[in-house]
Amino acid sequence: QVSELVQFLLVKDQKKIPIKRADMLKNIIREYRDAYSEIVNRAGRTLQEVFGLQLVEIDTKRHIYILVNNLPHSEGQYLCRGKEKEKMGLLLVILSFIFMKGNSVKDSESSAKIRFVVPHFPFAPHSLTPPFPGALWEFLHLLRVYPGKQHGVFGDVRKLVTEEFVRQKYLETTHIPLTDPPEFKYQWGPRAEKETSKKDVLNFVAKIQGKDPTFWASQYSEAEAVP
Amino acid sequence: ENRESMLNSKSNRLTEALEEANRLFDGVCRAREAALDAQFLVIASNIGKEKANELHSEMSAFDSTAFAEDLLTFMGINRTEETDDSEDVPGVFLPSDAWQTMGEEAPKYFRRAPTFHYMMGSFKSEPPVPKQRIERQKKASRGKAEQAMPAQLKKMEESHQEATEKEVERILRILQTHFENDPNTPISFFDFVIDPNSFARTVENMFHVSFLIKDGLAKIKLDEDELPIIEPLKPSGGGEEDSRAGARNQVVVSLDQKEWQ
């Protein structure tokens, strides 16, 4: 059962969509339900000892797992299929932006320039364009990445960011209450928390901008503070 | 209502709005108005949280525009002096492998599990069906072959026996002929059986001679030099006693290729 589960997890991890306990029970463990935790523990040990991968439960309530690489970075080429590497590039840029902006950035349903209406007040509704300098899509505009336009490398970028990255748990979107049109905020998802760190991301920003990480004092102290 | 101006850290508009809401609340007497007031509080607290956030990030101001420009540089953007068309940003051109360049750098910052793929791909589900058919055919043909075999074998064995018998008879005749020609000179056993050209033949000859001896058609004696000699016997009735008594001697002769040479 253990080796079947190991294979199951490795294949399920291909798309980087987190694995649910329910799927594991249904497909592999089946009648051995009572031994579930023992089987999972042993599978985790095998994954670590044989593949150097860590089985991490990112949602203890709903029992959802991901595989994370536990080996130190090797200097060689990172083997990837398809557009994996480019997507990771975009993701890194987004995660950096979110962190440097205070761990949370806003976006709204419609495009960057929207009409902001508050109907709840008895006054005549105003309409204004929220600037949010630094909102995620405004930032990506600067990199020639547009939500409404098909991108040469990423295709439907909005779908990639709001669906794929979110489903993979790299990003998390939360609806801000009582906003109309609905507004969301983007934060790091649990997979991002496990696969990278604020420190790594700050180092990336520092490298790109040719500055020392300590240049951004509060981000630096936040990055150092994480246990 | 005017979210942006409230967010401005320099403005006190949020505080003013809160104070006004407080005043208004005193005049509230209907449930609907109370609900409105509650909604206002939610919005106000959200704005308050955002203001606090902005304060925090302003401590170490992050210039996202500068970051974007540096990223473009990293990705290999071409900034030329000429202006080809006045529509777009003059002379700025992002190469097609821009994101590939980023893709080379990015994995270093992630502890991402390499995706697992079978090297040889998976088995296709078709082959099993033809395989069964082939197996059945094989079984059928094998049955026939087996049936054919026993018949052949029988034939072979028969011929084998015949061959041996013929050989033995032949050798006996040779022996008898030799003895008739010269009855007083013993025939050396070795001279008789050894074929100077073939070791295998020699062994065969010895084998055939042994039949003669077994059947009492020849006998081997030791001469004065202790060397074996062979002579034919006449199978006669009187020989029965002899065969009972004396013919049960056995001789083991060992001969290897070296000795034969």
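The values are calculated or read from the model by the stated rules, or taken from the named source; none is laboratory data. Remember, it's a predicted structure, so these values are computed and weren't measured experimentally. We place every Cβ from the backbone using ideal geometry, glycine too, and count neighbours over all the protein chains shown. What goes into the accessible areas is simple: the full protein's heavy atoms, side chains included, and nothing from ligands, DNA or RNA. Shrake-Rupley method; radii C 1.70, N 1.55, O 1.52, S 1.80 Å.
Remarks
- With 50 Å² as the minimum drop in accessible area between chain alone and full protein complex (1.4 Å probe), the qualifying residues in the stretch A:184-227 are A:E195, A:F204, A:K207, A:I208, A:Q209, A:S218.
- Within the accessible area of chain A (1.4 Å probe), percent carbon and sulfur: 51
- Residues B:D26, B:D215, sorted by accessible area with the largest first, give B:D26, B:D215 [1.4 Å probe; ligands and nucleic acids excluded].
- Shielded by partner chains, the stretch A:1-34 residues - at least 20 Å² of accessible area, 1.4 Å probe, vs chain alone: A:Q7, A:L10, A:V11, A:Q14, A:K16
- Counting only protein chain heavy atoms and rolling a 1.4 Å probe, the accessible areas of A:W188, B:W260 rank, largest first, as B:W260, A:W188.
- In the assembled protein chains, B:L255 presents an accessible area of approximately 40 Å² (probe radius 1.4 Å).
- The heavy atoms of B:F25 offer some 100 square angstrom of accessible surface to a 1.4 angstrom probe.
- Ranking B:L24, B:L233 by solvent-accessible area of protein heavy atoms (1.4 Å probe, all protein chains present), from largest to smallest, gives B:L24, B:L233.
- Excluding ligands, DNA and RNA, the accessible surface per residue across the stretch B:159-232 is 65 Å² with a 1.4 Å probe.
- Taking chain A and dividing mean pair separation by its residue count, relative contact order in percent (alpha carbons under 8 Å, at least six apart): 17
- For the pair A and B, the buried accessible area comes to roughly 5900 Å² in total, with a 1.4 Å probe and the value rounded to the nearest 100.
- A viscosity of 1.567 mPa s and a temperature of 4 °C, combined with the Kirkwood radius over C-alpha pairs in the Stokes-Einstein formula, give the stretch A:1-69 a diffusion coefficient of 109 µm²/s.
- Residue-wise HN-Hα coupling along the stretch A:96-107, computed from phi with Karplus coefficients 6.51, -1.76, 1.60 (Hz; x: Gly, Pro): 4, 4, 4, 5, 5, 8, x, 6, 7, 10, 9, 8
- Violating pairs (Cα-Cα greater than 27 angstrom) within the set A:K26/A:K61; A:K87/A:K199; A:K20/A:K83; A:K20/A:K106; A:K12/A:K83; A:K85/A:K198: A:K20/A:K106
- Largest first, the extents of the alpha carbon coordinates of the stretch B:185-230 on the three principal axes equal 28, 25, 16 Å.
- Heavy-atom accessible area for A:L178, with the other protein chains in place and a 1.4 Å probe, reaches approximately 70 Å².
- Average beta carbon contacts from partner chains per residue of B:70-79, 10 Å cutoff: 3
- Computed over the stretch A:178-227, Cα set: Rg, Dmax in Å: 14.2, 41
- Along the stretch B:185-191 the Karplus relation, 6.51 cos²θ - 1.76 cosθ + 1.60 evaluated at θ = phi - 60°, assigns HN-Hα couplings of 9, x, 9, 5, 4, 5, 4 Hz to successive residues, with x for each Gly and Pro.
- Gyration tensor (alpha-carbon) shape descriptor, chain A, a/c threshold 1.5: prolate
- Helix-only CD estimate at 222 nm, as mean residue ellipticity for chain A, using -39500 (n - 2.57) per DSSP H run (n ≥ 4): -10000 deg cm²/dmol
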